Amino acid sequence: MHWLKSVPENPWKTKSSRIAYGNAWIRVREDEVIRPDGGAGLYGVVEIRPSVGIVAINERDEIVLAGQWRYALGRYSWEIPRGGSNPGETDTRKVAERELAEEVGLKAAEWRLLGPVDVCNGVTDDVQTLFWASKLTRVTRVPDPEEEIAVAWKPFQEAVAMAMDGRITEVCSVAAILRVAWLRQHGCDGMVETA
C-alpha cells in the first residue's frame, strides 16, 4: 500500500505564464500565481529537457566516473555519466546509450531501470531517469565539443564511500550509486533489459 493515501490538491493557481529567458539547454519561465496562502506572487521555473544518469559497472566490479569542471559551481566534479535529451528525444534508454558512448566510450549489453529522480524540484522541472548498465564494451568516444571529460574507474564500494563522504556531491550520481548499493545489498538486480 502506498504510504500517502491521498494526494492533496494543488494549492497553487497559475494566472499567467511567460518565457523570461531561453537558450539551447534551458528556458526560464515566470508564472504569475496565487500562492497557497491566497496572496499574489511570482514563481520562476527553470525548464530542462529530460535527462539521464548511468551507473556503469564492469566485470571487475568497478564503476566508471566522469570528471569535469562545473562552471555554475566553480569547481571540479566526479559524477556518473549523465546528460540531457535532445529536442524530440523521448526514449530515455536511447539517450542513456548515447550519453554512455559520448562521455566515457562504453556500450552496455544489459540495462536496468533504476527510475526517475526530481532534480532541485523547488525551482526546476528537471527529471533525471537513472539506469544501471553492465556487460560493458568499449566504443569510440565522441564527446560534445563544449565538454572536457576525464574518465576514471573506481571499485564500486569506493564510489559508495565517495557518495557518502562528499567526494561525489552531484545529487543524481549520489542517488544512483546508493540505489544500486541498496539493490545489491538486498539481492535485487532490478529489471534486466538486453541491448
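Here, each number is a calculation from the coordinates, and none is a lab measurement. Values in this document were obtained by computation on a predicted structure and should not be read as measured data. Heads up, the Cβs are rebuilt from the backbone with ideal geometry, glycines too, and the neighbour counts pull from every protein chain shown.
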Signed unit charges on C-beta, dipole axis of the stretch 49-186, positive-most listed residue 151, 108, 174: 108
On a straight-distance basis, which lysines could pair with residue 154 in a cross-link, Cα separation under 20 angstrom, same-chain partners fewer than 8 positions away excluded? 107, 135
Along the stretch 101-117, what does the Karplus equation 6.51 cos²θ - 1.76 cosθ + 1.60 (θ = phi - 60°) give for ³J(HN,Hα), rounded to whole Hz, x for Gly and Pro? 5, 4, 7, 10, x, 10, 10, 10, 8, 10, 10, 10, 7, 8, x, x, 9
Karplus 3J(HN,Hα) series, Hz, for the stretch 127-138 with 6.51 cos²θ - 1.76 cosθ + 1.60 (x for Gly, Pro): 10, 10, 8, 9, 10, 10, 10, 8, 6, 8, 9, 7
For 43, 71, 76, what ranking results if the residue with the fewest other Cβ atoms within 10 Å of its Cβ goes first? 71, 76, 43
Contact order relative to length for the chain, counting C-alpha pairs under 8 Å separated by 6 or more residues, stands in percent at 21
Neighbour counts of other C-beta atoms within 10 Å: give me 16, 173, 77 arranged from fewest to most. 16, 77, 173
Mind running the shape call on the chain? Use the C-alpha gyration tensor, a ≥ b ≥ c as the square roots of the eigenvalues: rounded below 1.5 for a/c, prolate if a/b tops b/c, oblate otherwise. prolate
If Lys and Arg each add +1 and Asp and Glu each add -1, what is the summed charge of the other residues whose beta carbon sits under 10 Å from the beta carbon of residue 97? +1
Amide H of residue 115: which non-local residues (sequence gap of 5 or more, or other chain) have their own amide H closer than 5 Å, using H built in the peptide plane? 130
At 222 nm, what helix-only mean residue ellipticity would the chain give, in deg cm²/dmol to the nearest 500, using -39500 (n - 2.57) for each DSSP H run of four or more? -6000 deg cm²/dmol
Most exposed to least, judged by fewest other Cβ atoms within 10 Å, 15, 107 sort to 15, 107
Expected vector for the stretch 69-84, Karplus 3J(HN,Hα) from phi with 6.51, -1.76, 1.60 and θ = phi - 60°, integer Hz, x for Gly and Pro, equals 6, 9, 4, 4, 8, x, 7, 7, 9, 9, 9, 6, x, 9, x, x
